[in-house]
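The values are calculated or read from the model by the stated rules, or taken from the named source; none is laboratory data. Source: prediction; values computed, not measured. Cβ placement follows ideal geometry from the backbone for every residue including glycine, while neighbour counts extend to all protein chains displayed. The accessibility values were calculated without ligands, DNA or RNA, using every heavy atom of the protein model including side chains. Shrake-Rupley method; radii C 1.70, N 1.55, O 1.52, S 1.80 Å.
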Protein chains: 2
Amino acid sequence: MSYQYLTNTPLDEAVKNYLDALSAQGLNLGDERIPTQDALGRVTARAVYARICAPHYNACAMDGIALDARITFGATETTPVRLKSSDYTWVDTGDPLPAGCDAVIMVEDVVEEGDTIILYSAATPWQHVRQIGEDISAGDMIQPSFTIITPAGMGAMLAGGILQIDVLKKPVIGIIPTGDEVVLPTDNPAEGEVIEFNSTIFSGMLRDWGYTPKVYPIVADKPEEIRRALEIAADECDGVIINAGSSAGREDFTAAAIRSVGEVVLHGIGIKPGKPAVLGMVKAPHKDGVIPVIGLPGYPVSGIIVMELVFKPVLNALTKQRTETPAIVEAVLSRRLNSSLKYREFIRTRLGLVSGKLVAVPLSRGAGVVSSFVKADGIIDIPQEREGYEAGESVQVRLTHSMEEIRSMLVVTGSHDPLLDEVADLMRHRWSGSLVGSSHVGSMGGIMALRRSEAHLGGIHLLDEASGAYNIPYVQKYFPQGGVVLVECVQRTQGLMVAKGNPKNIQGFADLAELEFVNRQKGSGTRILFDHLAGQVGMNLDSLRGYNREEFTHTAVAAAIAAGTADAGLGILAAAKIYDLDFIPVADEQYDLLIAEEALELETVQQFLEILQSQAFADRLEKLGGYTLRNPGRIIKWH
Amino acid sequence: MSYQYLTNTPLDEAVKNYLDALSAQGLNLGDERIPTQDALGRVTARAVYARICAPHYNACAMDGIALDARITFGATETTPVRLKSSDYTWVDTGDPLPAGCDAVIMVEDVVEEGDTIILYSAATPWQHVRQIGEDISAGDMIQPSFTIITPAGMGAMLAGGILQIDVLKKPVIGIIPTGDEVVLPTDNPAEGEVIEFNSTIFSGMLRDWGYTPKVYPIVADKPEEIRRALEIAADECDGVIINAGSSAGREDFTAAAIRSVGEVVLHGIGIKPGKPAVLGMVKAPHKDGVIPVIGLPGYPVSGIIVMELVFKPVLNALTKQRTETPAIVEAVLSRRLNSSLKYREFIRTRLGLVSGKLVAVPLSRGAGVVSSFVKADGIIDIPQEREGYEAGESVQVRLTHSMEEIRSMLVVTGSHDPLLDEVADLMRHRWSGSLVGSSHVGSMGGIMALRRSEAHLGGIHLLDEASGAYNIPYVQKYFPQGGVVLVECVQRTQGLMVAKGNPKNIQGFADLAELEFVNRQKGSGTRILFDHLAGQVGMNLDSLRGYNREEFTHTAVAAAIAAGTADAGLGILAAAKIYDLDFIPVADEQYDLLIAEEALELETVQQFLEILQSQAFADRLEKLGGYTLRNPGRIIKWH
């Protein structure tokens, strides 16, 4: 099997070279004339000049009387001027200034005595008159070329008598999904089928940027079919995305397809994720110049990164827009991050403001983990020449949420329990826009985050083997000086999750020896509980298959068992229920909340506690199953 | 005539009271189920939980071979492991992990020898495998309630097997334009007709915010008709805007119409512009609760301000979104601003970064000047308790453009000439997104702005009466220490603009005595030229009618003459041509550019000068007429 090597061009150089190559061949969109009223968000193709003045006549700017200001000259409190009805005209705002008049006096200043009007102060010429062209004079340039049209811009053009304008055509961007394994979205995919949702993501990004996506049918991994699809799309679109097959594996035909129709400018960018991108161009059959054709990697995260960092500047060049530099903030890294010297790396991260410092909690680096983009508040940008950062170091983060949202976010770091998401959801029902950012790092991870002032609160369920007590001994040990408050949350049942019907007839820990286990990550309360219980029955953990296979959530353990890749794992009833697994209860434990003392008075923390004590929360736990509520929200004394 | 007094409720209190009143009656939108692929920008009506895992099977994460990791244990550089073909399976990225395998070795690490494969290092279990649920586990909450759906959010939901989701209905907001005088957009309105472009502006704002506007036909100023229109809109929409008639004049029926169908919560807000707003609600015939009905002032600027500050928070409450605080910056005010203690005032302003300080150059305060919103980079927010600010004081500005745009903007302050807009337009053709912010304050205003380091450059055409020379004597006088560069721009012809056919037979200044003149503002080069020429012929300026009527641009003067409200004014040929006026040349003058020395090396200034010397610029001036180009861009020695 042959292996093609890609280039490792630095990002900025790749974008510049690509733009230069496209510009040299010509990037043209063409114009169209549309009604001004339909032009929101479109781009002017040329400067727009007013055809008429606004206002187009001298208009009264107040309700009152119009007159020739000269007849009021000399009026004062002591020497009022009296006007007869032929001296003035009653007018409303917007009325044309009557002939012979050059001023309006507002109704509040007009004293009527029968037909006579008495004025106690003089008018100045042109007062309360909107003179012709006050807003816009005919001939004035209302908008220069290549301006994105705003609501006020539409108003100004209509005021200036512009009923139709020339705008750049709205770019149509073709998206060609490829792959023998990809299938249209389904809720029941067969093993080996990959749900094709990338085109939905890319379409959404294009729409957000003001372009029109055009998604083509899925094309099989056959060079000739990909080439045909590209030819059709190039004929119908102003740019084309071929998704997947952009790497150099045995079924990666994108680069070859582009080469057979046009030219590959560059294949391979020194970024991670996103390295195997193909930047190409094809002569546009329907217009002058070329159209950009980009091969995006198949993993959604890689695709999104290349769309944002490479394709967006290209589309901006097409529509003559500047590419805005993303908003960058400095944040303190919550844990160590390694990075290769081979790439500039982009890592999704949660952000939160804790104790006045902005904390970055990195999310999964997996290129297939699209949910990380849903959770992310920003993207850590690690330069190529860095081997990584230590915990506590300052990193550069590109914001994907507003700083206002980030500032208001409740930062929850600790043990995973689905109840955290339920509380967050209930908060949004009661307080619009309420935001909770949860990171699942296990109970010990939560304790460490609170010690470093990197979280407002965290869930913990830690059994102290010596005393048999939950949580309090750990808090006493790790917070000898105080600084935290322990708050009762729930009692929950832990048990062995096994396949439906318990085919291996597992009754307890003693039965696990010859089976395939799936564990939780080190530092998680569930793993500590497992070790404790296994120790009680004298299990040899070294010989337990799968003991080192780590998952980060109860549901992930349940999923592994449901799929048949493991026989058993320790977890909570709620997770077993979701996956329709059998459940052998082994212990009831105390899942509590550790809250930074200085965060206790935060509005969001108080709201969190309020929800904990609500009937709505009790109802949701009832549905999940396996929980007991005694005094949620009660502060537990521990020193 | 009766005059109703409005309340003067402070803005924050008005919004709070209005929201409280609406909430007390219930603001409900209702849900609908739509395909996930169509959900971009919509708002989840409830929490979305994954139905399937993503990936939904253990998937190979690399091209290579899959195997049971145990058979590789012990492999090193010196003790390689040899595998026969039954030990492994070739796999591509995305393939299901074959039964019995728990690891993938990437193709780069595989050494083939016929059918045998040699491995020089051991695999660890689960390496290069995307385990079931790595991204999302079935049952996980993918998005909480009331979340705006992003491209990645759509992807995550499709990955989780969610093909349809429940979203809040997209609010339909009815817009009822009212007024006997308003007409549909036209380029040939009759006197007294007001072009109805407000509904286009409000529609655009609603679309930008994610709502669906529904514009109703224009309704006459008849209470019964407005009431009928409101009833229909309330039946069809989730909110209603009645535009104009919101004040308390004799034809202002909005408050009464709302009262006849529902309730007015508040009439009159302590802001300027925007005071005469009506905040009301009507029982929703088609659902539980009420719908907000708002009466907006007729002036577009007032309407926009009330839309943004009052209606947007209401719509956010409807869709359960937080209202983001606008980005605020501090800027140095370029000129004095007075403000009434009666109102909190909002004044559109240009912003620019000059000599490291952010300068605010306030725009027209006229509530009818919609073009000011097109030019504005921000809005100065003057608290009610302030009587104003002195020039040089720091003010709070709400940004309407990004700081990056503002930072890159070339700040041009000085004499008005249409050539400035032409240069700005040509710059955008050559350099995408190039921005020039011009303020027309006259030649002397430009000199003062440069002295205060509040502009990068300005146009001046100042005649020194003593020497008869242009510009240099002024620069010598006002910049004795240097700090500026004078750059040749154009020679242009000034003349008297008079009505087509010159009906009053004006041949020169001597003929102006008995006529209606229209002047330029104090400090403008044109006014100084006029005074000089008038002095030469011994005119008595005090007796010249219209001498104190001031316009800020050549085109505004031409517009006044074209409309017949003045007989003559001094200006340039280009303006006379646009309005088809007769033109009596009186002087050729030098229009030059004064550039701050420290700005000379700025990219934008260099670009400006490059355009000045281009053929494209010469061609545009040729079209405008009345200009002579000698050595545009030449630096003029003056000290």
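Taking a sphere under 11 Å around the Cβ of A:ASP511 and counting the other residues whose Cβ falls inside, with K and R at +1 and D and E at -1, yields a net charge of -1. In region B:59-130, Cα pairs under 8 Å separated by at least six residues give a relative contact order of 48 percent.
Computed from Cα atoms, the angle from the helix B:418-430 axis to the main principal axis of chain B rounds to 20 degrees. Three principal axis extents describe the C-alpha atoms of region A:403-529; from largest down they are 53, 36, 22 Å. Taking a straight line from the alpha carbon of B:LYS522, these lysines sit under 25 Å away, with near neighbours fewer than eight places off in the same chain left out: B:LYS375, B:LYS477, B:LYS577. A Förster radius of 45 Å, combined with the Cβ-Cβ distance separating A:ARG70 from B:ARG430, puts the computed FRET efficiency at roughly 0.25. Set against the 2.2 N^0.38 Å expectation for a compact globular protein, region B:249-355 has a Cα radius of gyration ratio of 1.33.
Net charge of the neighbourhood of A:VAL167, taken over other residues with C-beta under 12 Å away and scored Lys/Arg +1, Asp/Glu -1, is +2. Helix content alone sets the calculated 222 nm mean residue ellipticity of the protein assembly as shown: runs of n ≥ 4 DSSP H residues at -39500 (n - 2.57) each, divided across all residues, give -7000 deg cm²/dmol. The average projected area of region A:59-130, computed from the convex hull of its Cα atoms over all directions, is 4.1 nm². Relative to the other identical copies, A:ILE635 shows label-point distances of 7.1 nm, where the label point lies 7 Å from Cα along the Cβ direction and values run shortest first.
Coupling constants for region B:10-18 follow from the phi torsions by the Karplus curve (6.51 cos²θ - 1.76 cosθ + 1.60, θ = phi - 60°), and in residue order they are x, 3, 4, 5, 4, 5, 4, 4, 5 Hz; glycine and proline get x.
Diffusion coefficient (Stokes-Einstein, Kirkwood radius over C-alpha pairs, 37 °C, 0.692 mPa s) for the protein assembly as shown: 94 µm²/s, rounded to a whole number. Please list, by residue number, everything in region A:62-105 whose backbone N is under 19 Å from a paramagnetic label point 7 Å out along Cα→Cβ of B:SER340. Residues A:62-65, A:92-94, A:104-105 qualify, since their backbone N sits under 19 Å from the label point. Among chain B residues, the one whose Cβ is nearest the axis of the rotation from B to A, given with its distance rounded to whole Å, is B:ALA327, 5. Each residue of region B:181-194 is assigned a 3J(HN,Hα), and the resulting list reads 8, 7, 10, 4, x, 8, 9, 8, x, 7, 4, x, 7, 10 Hz, derived from the Karplus form 6.51 cos²θ - 1.76 cosθ + 1.60 (θ = phi - 60°), x at Gly and Pro. Accessible surface of A:TYR470, taken over heavy atoms with a 1.4 Å probe and every protein chain present, rounds to 40 Å². Can you tell me the orientation of helix A:603-612 relative to chain A, as the angle in degrees between its alpha-carbon axis and the longest Cα principal axis, to the nearest 10? Taking Cα atoms only, the helix is inclined about 50 degrees. Neighbouring Cβ atoms from other chains, within 10 Å of the Cβ of residues in B:548-559, number 5 on average. Only protein heavy atoms count here, probed at 1.4 Å, and on that basis chains A and B bury about 9200 Å² of accessible area in total. Taking all Cα pairs closer than 8 Å and separated by 6 or more residues, the relative contact order of chain B comes to 11 percent. Tell me which GluC sites (Glu not before Pro) from region B:172-229 have a DSSP coil assignment and no more than 14 other beta carbons within 10 Å of their own. Loop-located and lightly packed - B:GLU191. Show log10 I(q)/I(0) for chain A at q = 0.05, 0.10 Å⁻¹, two decimals, from a solvent-free Debye sum over equal Cα scatterers. The Cα Debye sum returns log10 ratios of -0.38, -1.01. Of all beta bridges that DSSP places with both ends in chain B, some 75 percent have antiparallel geometry.
For the peptide B:540-547, the mean number of other protein chain Cβ atoms found within 10 angstrom of a residue's Cβ is 1. Mean sequence separation of contacting Cα pairs (under 8 Å, at least six apart), scaled by the length of region A:436-636, corresponds to a relative contact order of 34 percent. Only alpha carbons enter this Debye calculation for region A:328-408, each as an equal point scatterer, and the log10 of I(q)/I(0) it gives at q = 0.20 Å⁻¹ is -0.84. For q = 0.10, 0.11 Å⁻¹, what log10 I(q)/I(0) does region A:436-636 give under the Debye formula with an equal point scatterer on each alpha carbon and no solvent? Treating every Cα as an identical point scatterer, log10 I(q)/I(0) equals -0.43, -0.52. In the complete set of protein chains, residue-level accessible area for B:THR553 is approximately 20 Å², probe 1.4 angstrom. In this Cβ point-charge picture (+1 for Lys and Arg, -1 for Asp and Glu), region A:328-408 has a dipole of about 240 debye about its Cα centre.
At 1.4 Å probe size, with the rest of the protein present, what percent of the exposed accessible area of the protein assembly as shown is carbon and sulfur atoms? About 49 percent, which is the carbon plus sulfur part of the accessible surface.
Between A:THR116 and B:GLU324, the modelled labels are 6.3 nm apart [label points 7 Å from Cα along Cα→Cβ]. Here r is the Cβ-Cβ distance between B:LYS287 and A:ARG33 and R0 is 35 Å; the resulting FRET efficiency, rounded to 0.05, is 0.30. Principal-axis analysis of the Cα atoms of chain B puts helix B:615-624 at an angle of about 50° to the longest axis. Computed over neighbours whose Cβ is under 13 Å from that of B:ALA596, the net charge equals -1, Lys and Arg +1, Asp and Glu -1.
Based on protein heavy atoms only, chain B ends up with 39 Å² per residue of surface accessible to a 1.4 Å probe.
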